[in-house]
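For reference, the structure discussed in these notes is given below.
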Amino acid sequence: MRKIIPTITLCLSMGQSHALQTDDLMSKCSQPEGSMSEGICIGYISGVSDTIDSAGNRNYCPGIPYDIDLMKRVVMTYIDRTRHIDAQSETPPATQRQFASVPVKAALLEAFPCKANQ
């Protein structure tokens with residue numbers, strides 16, 4: 001019984017999720033290839049991609065198999081581009097304060113439209 005309680009506690013604490021903000025994602029995606037942080041970046045982008053796809057979005061066609069390195073570059077470029085646009089206003093860039101899934105989804109939908117919907 002003593003082994004079960006710590007295991008349950010560990011599982012419950014690991015189950016807590018923390019929303020990843022855009023700056024956090026960019027920091028992780030900027031780490032060396034093969035690092036744990038870069039793995040989190042790749043996993044996050046893959047998760048958003050899978051969510052878009054599983055939701056039945058008919059405007060999203062990343063190809064099979066999809067190129068995760070290309071997706072990572074697309075997302076980072078999109079975030080940099082939107083930061084530049086936001087920087088022209090006097091307010092802090094919106095992309096810094098939002099959940100990372102917002103610009104990731106926008107970047108992927110923009111970069112990988114289905115041919116029939118272009």
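All conditions but one from (1) assigned to a helix (DSSP H, G or I); (2) modelled with pLDDT of 90 or more; (3) over 21 Å from residue 113 (Cα atoms) apply to residue 9; the one that does not is (2). Screening region 30-62 for residues that are touching a helix residue (DSSP H, G or I) at 6+ places or on another chain (Cβ under 7 Å) and over 15 Å from residue 109 (Cα atoms) and picking the one that is surrounded by the most Cβ atoms within 10 Å (Cβ to Cβ) gives 41. I need every pair where a residue in region 63-91 that is crowded, with 17+ Cβ neighbours inside 10 Å and among the hydroxyl-bearing types (Ser, Thr, Tyr) has its Cβ under 8 Å from the Cβ of a residue that is at pLDDT below 85 and not in a helix (DSSP H, G or I), sequence separation at least 6 or different chains. Close Cβ pairs satisfying both conditions: 82/93. Quick check on region 36-52. Is at least one of its residues within 15 Å of the chain's Cα centre (by Cα) and either aromatic (Phe, Trp, Tyr) or at pLDDT below 65 (or both)? Within region 36-52 (the criterion being within 15 Å of the chain's Cα centre (by Cα) and either aromatic (Phe, Trp, Tyr) or at pLDDT below 65 (or both)), the answer is yes, since at least one residue qualifies.
The values are calculated or read from the model by the stated rules, or taken from the named source; none is laboratory data. Note that the structure is a prediction, hence the values are computed from the model and not measured. Please note: Cβ atoms are built from the backbone with ideal geometry, for glycine as well, and neighbour counts cover all protein chains shown.
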